[in-house]
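**Student:** Sending over a structure as C-alpha cells; questions will come in a sec.
The values are calculated or read from the model by the stated rules, or taken from the named source; none is laboratory data. From a predicted model like this one, the values you see are computed outputs, not experimental measurements. Please note: Cβ atoms are built from the backbone with ideal geometry, for glycine as well, and neighbour counts cover all protein chains shown. What goes into the accessible areas is simple: the full protein's heavy atoms, side chains included, and nothing from ligands, DNA or RNA. Shrake-Rupley method; radii C 1.70, N 1.55, O 1.52, S 1.80 Å.
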Amino acid sequence: MRSVWRGAISFGLVTIGVRLYTATEEHDFRFHQVHREDGGRIRYKRVCQVCGEEVAFADVAKGYELDDGRLVVLEDEDFETLPVSTDHAIEVVEFVPAEEVDPIFFQKCYYLEPDKAAARPYVLLRTALAKSGQLAVVKITIRQRETLAMLRARDDLLVMHTMLWPDEVRKPDFDFLDGDVEVRPQELRMASSLVESMAGSFDPGGFSDDYTVALQKLIEAKAEGAELPARPEPEEPGEVIDLMTALERSVEQARSSRGESGGKSAKSSRSSSRSAAKSSGGAKSGEKSEKAPEKASAKKKAKPA
C-alpha cells in the first residue's frame, strides 16, 4: 500500500508520527465510453462556453456562482489564506464513548501506521482506546480541507474515520413521521421472535457480491464469444396476507432454515394473540381465565393422594 498522508497525532503533549493509508477499496468494473461501431474511446475537451475555444488545464480556475448570478473566481493563492490547521497534524480534541457516535456521520476509513520512533506511544494510545471503549475525536486537514474524524482501535491498529459535519447530514422530512402509527403488542412480540430466530454473529466473509460475480461471468462470456449466462427467473409474488400472518410465516421459515421446528412456536403465538384479544373483551372472560388454572392445579394436587 502507498501512504496518502503523513503527519503526527497530537495527543496532549505526546506526538505520534503516523502515515495514512486508504483502508477500503471498491471492487467495481470501470467502463469506458466507446463508439459502438468501432470501439473507439470517447474523449472530452474543455471548451469555454463564452468564446467557444478549447482551454488548457493550466488556464482552468475554480469559480463559484452566487445566488444573484455573479461568478467569483478563486486562485490557488486564495485558498492558502484560509484559516485551517497545519496539513500535517491530527489534533485530538476529546474522547467520547463509542455508542454515542451515530454511524451516519462516518465517511471514509484509513489505517494509521506509526513511524519507527513512534511505535511505543502509538501502541499506548491504541491500547488505552481499546480498554476504555472510547473513540478519539480529532481534526485533520486533508487536501486543504479540514474535517472532523474519529480514531478507534481495531485489532493491532489505529483506524481513522473521516466524518461529515453536522450540517452536512440531511434532516428527514417525511409525512409519516407526523402521524401516530399504532403497533399491536402481539405484532411486536412476533417481530421480536423473528429477530431472535434470525440472530447470529456477524461474519463479513459469509456474504458475497452476487452482482459483481455475475457481471464478471457476463464479460468473460462476451470476450470468448460463448453463450451468455441466463438470468434467473424472478420469484412469483406471493399471496397478499396480513401483517401478523406474514410475521408468523417468517418465523416458521427462519427456524426451519436453521433446522429448528417452527410449528410449535407459531401455534403458541397464535394462541397468545387470541388470548390477548379475549382478555380485552370484558371482566367475565378475565374471571374465567383466572379460575381455570386453579381447578387444574387442584386436580393435580388431589391425584397423588
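**Student:** For the stretch 62-79, how many residues are touching a residue at least 60 places away in the same chain (Cβ under 8 Å) and loosely packed, with under 10 Cβ neighbours inside 10 Å? Step through it out loud before you land on a result.
**Tutor:** First, pick out the residues of the stretch 62-79 that are touching a residue at least 60 places away in the same chain (Cβ under 8 Å): 79.
Restricting the remaining residues to those that are loosely packed, with under 10 Cβ neighbours inside 10 Å gives none.
Going through the stretch 62-79 one residue at a time, the tally reaches 0.
Quick grid of which residues meet (1) in contact (Cβ under 8 Å) with a residue 60 or more places away in the chain; (2) charged (D, E, K, R):
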{"position": "ARG41", "(1), (2)": "no, yes"}
{"position": "GLN49", "(1), (2)": "no, no"}
{"position": "VAL60", "(1), (2)": "no, no"}
{"position": "ALA89", "(1), (2)": "yes, no"}
{"position": "ASP102", "(1), (2)": "no, yes"}
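**Student:** Condition test on HIS27, is it closer than 30 Å to ARG6 by Cα and in a loop (DSSP other than H, G, I, E, B)? Lay out the reasoning, then the answer.
**Tutor:** Working: closer than 30 Å to ARG6 by Cα: yes; in a loop (DSSP other than H, G, I, E, B): yes.
Judged against the criteria, HIS27 is a match.
So that you can scan it fast, the table gives a plain yes or no per residue for (1) modelled with pLDDT under 70; (2) surrounded by 10 or more Cβ atoms within 10 Å (Cβ to Cβ); (3) within 22 Å of VAL195 (Cβ to Cβ):
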| residue | (1), (2), (3) |
| --- | --- |
| THR212 | no, yes, no |
| LEU243 | no, yes, yes |
| ALA246 | no, yes, yes |
| SER250 | no, yes, yes |
| SER261 | yes, yes, yes |
| LYS264 | yes, yes, yes |
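**Student:** Within the set of pairs 6 or more residues apart or between chains, which connect a residue that is in contact (Cβ under 8 Å) with a residue 24 or more places away in the chain and closer than 18 Å to SER257 by Cβ inside the stretch 194-209 to a residue that is charged (D, E, K, R) and open to solvent by less than 80 Å² (accessible area, probe 1.4 Å) with Cβ atoms less than 6 Å apart?
**Tutor:** Note: pairs meeting the criteria are SER197/ARG255.
**Student:** Using the structure shown, decide if GLU187 is over 25 Å from the mean Cα position of the chain (by Cα) and open to solvent by 70 Å² or more (accessible area, probe 1.4 Å). Steps first, answer last, please.
**Tutor:** Working: over 25 Å from the mean Cα position of the chain (by Cα): yes; open to solvent by 70 Å² or more (accessible area, probe 1.4 Å): no.
Spelling it out, it is not the case that GLU187 is over 25 Å from the mean Cα position of the chain (by Cα) and open to solvent by 70 Å² or more (accessible area, probe 1.4 Å).
**Student:** List every residue pair whose Cβ atoms sit under 9 Å apart, with the two residues 6 or more apart in sequence or on different chains, where the first one lies in the stretch 119-132 and is at negative phi and the second, anywhere, is of a type in the set (Gly, Ala, Ser) and surrounded by fewer than 13 Cβ atoms within 10 Å (Cβ to Cβ).
**Tutor:** If the second residue must be of a type in the set (Gly, Ala, Ser) and surrounded by fewer than 13 Cβ atoms within 10 Å (Cβ to Cβ), no pairs are left.
Residue-by-condition table, conditions (1) at pLDDT 95 or above; (2) touching a helix residue (DSSP H, G or I) at 6+ places or on another chain (Cβ under 9 Å); (3) not in a loop (DSSP other than H, G, I, E, B):
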residue	(1), (2), (3)
TYR122	yes, no, yes
ALA149	yes, no, yes
VAL159	yes, no, yes
ASP173	no, no, no
VAL181	no, no, no
GLN186	no, yes, yes
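**Student:** Condition check: free of Cβ contacts under 8 Å to residues at least 40 places away in the same chain, within 30 Å of ASP115 (Cβ to Cβ) and not aliphatic (A, V, I, L, M). Does ASP156 satisfy that? Steps first, please.
**Tutor:** Values: free of Cβ contacts under 8 Å to residues at least 40 places away in the same chain: yes; within 30 Å of ASP115 (Cβ to Cβ): yes; not aliphatic (A, V, I, L, M): yes.
Answer is yes for this residue.
**Student:** Does ALA153 qualify as being in contact with a strand residue (DSSP E or B) (Cβ under 6 Å, 6 or more places away or on another chain) and of a type in the set (Gly, Ala, Ser)?
**Tutor:** Values: in contact with a strand residue (DSSP E or B) (Cβ under 6 Å, 6 or more places away or on another chain): no; of a type in the set (Gly, Ala, Ser): yes.
When the stated conditions are applied, ALA153 does not pass them.
**Student:** Of these, ARG170, ARG154, which one is under 20 Å from ALA8 (Cα atoms) and surrounded by fewer than 16 Cβ atoms within 10 Å (Cβ to Cβ)? If you could, list the steps in order and put the result at the bottom.
**Tutor:** Values: ARG170 fails: under 20 Å from ALA8 (Cα atoms).
ARG154 is the lone residue from the list that is under 20 Å from ALA8 (Cα atoms) and surrounded by fewer than 16 Cβ atoms within 10 Å (Cβ to Cβ).
**Student:** If you don't mind, there's one more thing I want to ask. Filter the stretch 104-151 down to the residues that are of a type in the set (Asp, Glu) and open to solvent by less than 60 Å² (accessible area, probe 1.4 Å) and list them by number.
**Tutor:** At the first step, the residues of the stretch 104-151 found to be of a type in the set (Asp, Glu) are 113, 115, 146.
Within the stretch 104-151, ASP115, GLU146 qualify.
**Student:** Here's a follow-up. Looking only at the stretch 11-24, which residues are at pLDDT 90 or above, open to solvent by less than 80 Å² (accessible area, probe 1.4 Å) and part of a loop (DSSP other than H, G, I, E, B)? Explain how you work it out, then say what you get.
**Tutor:** Step one: list which residues in the stretch 11-24 are at pLDDT 90 or above, which gives 14-24.
In the following step, the residues that additionally are open to solvent by less than 80 Å² (accessible area, probe 1.4 Å) were identified as 14, 16-23.
Listed by number, the list holds a single entry, ALA23.
**Student:** Let me ask another. Could you check, for the stretch 62-76, whether at least one of its residues is among the β-branched types (Val, Ile, Thr), assigned to a loop (DSSP other than H, G, I, E, B) and at pLDDT 90 or above?
**Tutor:** Pass one, the stretch 62-76, residues among the β-branched types (Val, Ile, Thr): 72-73.
Add one more test, that the residue is assigned to a loop (DSSP other than H, G, I, E, B), and what stays is none.
Taking every residue of the stretch 62-76 in turn, none turns out to be among the β-branched types (Val, Ile, Thr), assigned to a loop (DSSP other than H, G, I, E, B) and at pLDDT 90 or above.
**Student:** Could I ask something else about it? Is it the case that the stretch 48-56 has a residue that's touching an Asp or Glu at 6+ places or on another chain (Cβ under 7 Å) and open to solvent by 50 Å² or more (accessible area, probe 1.4 Å)?
**Tutor:** Here is the first cut: in the stretch 48-56, the residues touching an Asp or Glu at 6+ places or on another chain (Cβ under 7 Å) are none.
Within the stretch 48-56, none of the residues are touching an Asp or Glu at 6+ places or on another chain (Cβ under 7 Å) and open to solvent by 50 Å² or more (accessible area, probe 1.4 Å).
**Student:** Name every residue in the stretch 161-171 that is assigned to a strand (DSSP E or B) and either out of contact with any Phe, Trp or Tyr (no Cβ under 9 Å at 6 or more places or on another chain) or farther than 24 Å from LYS131 by Cβ (or both), in order of residue number.
**Tutor:** Kept after step one, since they are assigned to a strand (DSSP E or B), are these residues of the stretch 161-171: 161-163.
Answer for the stretch 161-171, where residues must be assigned to a strand (DSSP E or B) and either out of contact with any Phe, Trp or Tyr (no Cβ under 9 Å at 6 or more places or on another chain) or farther than 24 Å from LYS131 by Cβ (or both): just THR162.
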